[in-house]
1. Being under 23 Å from residue 1 (Cα atoms) and free of Cβ contacts under 8 Å to residues at least 12 places away in the same chain narrows it down to one of 79, 84, so name that one.
2. Filter the range 8-22 down to the residues that are assigned to a helix (DSSP H, G or I), free of Cβ contacts under 8 Å to residues at least 60 places away in the same chain and either more than 15 Å from residue 127 (Cβ to Cβ) or touching a strand residue (DSSP E or B) at 6+ places or on another chain (Cβ under 7 Å) (or both) and list them by number.
3. Scan the range 63-76 for residues that are in a loop (DSSP other than H, G, I, E, B) and in contact (Cβ under 8 Å) with a residue 60 or more places away in the chain and jot them down.
4. Within the range 65-95, can you find the residues that are over 18 Å from residue 130 (Cα atoms) and surrounded by fewer than 14 Cβ atoms within 10 Å (Cβ to Cβ)?
5. Right, residue 4: farther than 21 Å from residue 116 by Cβ and either surrounded by 15 or more Cβ atoms within 10 Å (Cβ to Cβ) or touching a strand residue (DSSP E or B) at 6+ places or on another chain (Cβ under 6 Å) (or both) or not?
6. What pairs come up if the first residue lies in the range 101-114 and is under 16 Å from residue 134 (Cβ atoms), the second is at pLDDT 90 or above and part of a loop (DSSP other than H, G, I, E, B), and their beta carbons are under 6 Å apart, counting only those six or more places apart or on different chains?
7. When the residues of the range 23-41 are filtered to those that are touching a helix residue (DSSP H, G or I) at 6+ places or on another chain (Cβ under 6 Å) and part of a loop (DSSP other than H, G, I, E, B), which remaining residue is modelled with the highest pLDDT?
8. Take the residues in the range 100-129 that are modelled with pLDDT of 95 or more and assigned to a helix (DSSP H, G or I), then tell me which one is surrounded by the most Cβ atoms within 10 Å (Cβ to Cβ).
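The values are calculated or read from the model by the stated rules, or taken from the named source; none is laboratory data. Since this is a predicted model, take the numbers as computed values, not measurements. Here the Cβ is made from the backbone with ideal geometry for all residues, glycine too, and neighbour counts use every protein chain on show.
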């Protein structure tokens, strides 16, 4: 199972539709669950906000889950590398969790829990768009693993 755990909701109906489309496409290959945790209103004490959001994220992760954080300071990987990584992880872990933080990023406790940190790009994206981009890459990974033509 793949769990996509995100801080906040996607409010834009067009993005919601695209995300739903990729969720449906991925479901033909593998079980996917999208979990949204409440985002905390931004306060003067940003660390407090990050700590609260980190706790909410951690409450959705099981101890045996493999956790990949989407992080600007993570390592880059190409689409073929991601597909190989997923293929290897499916053998060893019952659940792979991708975590997308809120607009302030990720708190220390969720950073400490991560098995891996992944950077989608050197560019910065809205965290709501990051969800769509990641789902597209997961779908692309399944197409690659199944030797289907979408990825080129």
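1. Working: 79 fails: free of Cβ contacts under 8 Å to residues at least 12 places away in the same chain.
Going through 79, 84 in turn, just one is under 23 Å from residue 1 (Cα atoms) and free of Cβ contacts under 8 Å to residues at least 12 places away in the same chain: 84.
2. Start the filter on the range 8-22 by keeping residues that are assigned to a helix (DSSP H, G or I), which leaves 13-22.
Narrowing the set further to residues that are free of Cβ contacts under 8 Å to residues at least 60 places away in the same chain leaves 13-14, 16-17, 20-21.
Matches in the range 8-22: 13, 14, 17, 20, 21.
3. Of all residues in the range 63-76, those in a loop (DSSP other than H, G, I, E, B) come to 63-65.
Hit for the range 63-76 is 65, nothing else.
4. 80, 81, 87, 88, 91, 92, 94
5. Values: farther than 21 Å from residue 116 by Cβ: no; either surrounded by 15 or more Cβ atoms within 10 Å (Cβ to Cβ) or touching a strand residue (DSSP E or B) at 6+ places or on another chain (Cβ under 6 Å) (or both): yes.
No: the conditions fail for residue 4.
6. Correct list of pairs: 102/8; 102/39.
7. Within the range 23-41, the first condition is being touching a helix residue (DSSP H, G or I) at 6+ places or on another chain (Cβ under 6 Å), and the residues that meet it are 25-26, 29, 32, 37, 40.
Applying the additional criterion that residues be part of a loop (DSSP other than H, G, I, E, B) yields 29, 40.
Numbers: 29: 97, 40: 91.
Per the stated criteria, the residue is 29.
8. Across the range 100-129, the extreme among qualifying residues is 110.
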